[in-house]
Amino acid sequence: MSRIVVKVGSNILAGKKSGLNLERVCAIASDLSKLIEADHEIVMVSSGAVAAGMTKLGLKEKPKEICLKQAAAAAGQSSLIQAYEKCFGEYARKVAQVLLTRDDLSDRARYLNAKNTLITLLDYAIIPIINENDTVATDEIKFGDNDHLAALVSGLIDADRLVILSDVDGLYSEDPKSSKAAKVIPFVDAITPELEGRAGGSGSAVGTGGMYSKVLAAKKAISFGVSVNIINGRKKGLIVSLLSGKHHGTEFISKDKKISSRKGWIAYAVKPKGSIVLDDGAVNALLKSGKSLLPSGIARVDGVFDTGDAVFCLSSSGRRIAKGIVNYSSQDIEKIKGKKTTELESVLGYKYSDEVIHRDNLVVLV
């Protein structure tokens, strides 16, 4: 049995003005029901609430005001889950609505609770349909997208594969709108800055993400050891064909050496509260030797944070090289930066740990 996360965007489920396309929702339900029959576990991450709510509110264009977006999300979420329930019900499948915010995945206890809930739903043969809780999460509407959420969910539930249903056939070598020579890239074994740049970045009329966000999501997911496919979600039966062994679209090859679920949580889910600038010796110790961060290698502290918060570790040029959970507050690190570990107790009056960030709580980002 394999566990598959399927991400569906607003541009697949709805048009610019027509609201939800029930026929397409049912086509997706039909395909995913076939996958379940073939012994795959399915978790969905689905956009579409705002698009559905636009119709209810009589809006012809995607609203720009945050409060209006939230109202559209609230009005449309019930229509979205009702459509899935109706369409999956035709195949005797049950669904569950799961609304998450970035804070839900940033907090370790809530992160684990979300994981336990999703696994329990799968144990009971119920399809979780996950969406960001746009009704209350202001920053998720402004900056978030479900591609990022789908990548986090893939790591959260130890998925084998993430399939992103797009409105194009995959990642192209060039912009297909401006170049006839553009071709779909069938396989990607390394996501380079050049590839990220090639992906562009503008979103659709009803969604928040573009191909760039999908490539960044793939970058996160493959670090968990999850294979990622971007295929055309408007072609019925394509995902069934993909999971039966035929190639379609673009596949991002998962890494053999994957990060743990905990380190993935640190890298991608936890909100950083500040940053620590390191000297060259500390940068080398982290990148080349896999060492913990000691106070002697810290040159500067930026931001205000407490013990247990996440921070970025920066090189002297400002490059983000790592992210980790600190053992000391910013106030204490300001006092002990550049000091030897033998001096900590005399400076602070106590010593919690020799390390400012232990290597078990640190993730290299480059």
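All of the numbers you see were taken from the coordinates with simple rules; none came from a lab. Since the model is a prediction, treat every value here as computed from it, not as a measurement. Positions of Cβ are backbone-derived with ideal geometry, glycine not excepted, and every protein chain shown enters the neighbour counts.
Give the range of the longest stretch in the chain that excludes all trypsin sites (Lys or Arg not before Pro) found in loop regions by DSSP and having at most 10 other beta-carbon atoms within 10 Å.
Value returned for the longest uninterrupted segment is 65-176.
When the chain is fully extended, how far beyond the present Cα-Cα distance does ILE126 get from CYS67, taking 0.36 nm per residue of separation?
18.0 nm
Running a GNM on the chain with Cα contacts under 10 Å, which residue among ALA181, ALA159, ALA218 ends up with the highest mean-square fluctuation?
ALA181
Normalising by the residue count of region 271-364, find the relative contact order in percent from Cα pairs under 8 Å and 6+ residues apart.
Dividing the mean separation by the residue count of region 271-364 yields 33 percent.
Under a crude label model (7 Å from the Cα following the beta-carbon direction), how far is THR307 from ALA92 in nanometres?
Each label point lies 7 Å from its Cα, and together they span 5.7 nm.
How much length would be gained if the chain were fully extended between ARG320 and ASP39, taking 0.36 nm per residue of separation minus their Cα-Cα distance, in nm to one decimal?
Result: 97.0 nm gained on full extension.
For the chain, modelled as a GNM with alpha-carbon contacts under 10 angstrom, which of TYR350, TYR124, TYR84 fluctuates the most?
TYR350
Semi-axes of the equivalent ellipsoid of the chain: what are they in whole Å, largest first, if each equals the square root of 5 times a C-alpha gyration tensor eigenvalue?
In descending order, the three semi-axes are 40, 22, 20 Å.
Within the chain, which cysteines find no other Cys whose Cβ is under 4.7 angstrom from their own?
CYS67, CYS313
Output the relative contact order of the chain, whole-number percent, from Cα pairs under 8 angstrom with separation of 6+ residues.
Relative contact order of the chain: 14 percent.
Have a look at SER317, SER223, SER106 and tell me which one the Gaussian network model of the chain (Cα, springs below 10 Å) gives the largest fluctuation.
In the Gaussian network model the winner is SER317.
Helix 146-156 against the longest principal axis of the chain: what's the angle in degrees, Cα atoms only, rounded to the nearest 10?
70
Within the chain, what's the longest stretch lacking GluC sites (Glu not before Pro) that sit in DSSP loops with no more than 16 other Cβ atoms inside 10 Å?
The longest such stretch corresponds to 175-366.
Please determine, in degrees from 0 to 90 and to the nearest 10, the orientation of helix 66-89 with respect to the longest principal axis defined by the Cα atoms of the chain, where the helix direction is its Cα long axis.
Between the helix axis and the principal axis of the chain, the angle is about 60 degrees.
Can you pull the one-decimal nm distance between simple spin-label points at ILE119 and LEU195, each 7 Å off the Cα toward Cβ?
3.0
State the extension gain, in nm to one decimal, for the chain segment bounded by LYS236 and ARG300, taking 0.36 nm per residue of separation less the distance between their alpha-carbons.
17.6 nm
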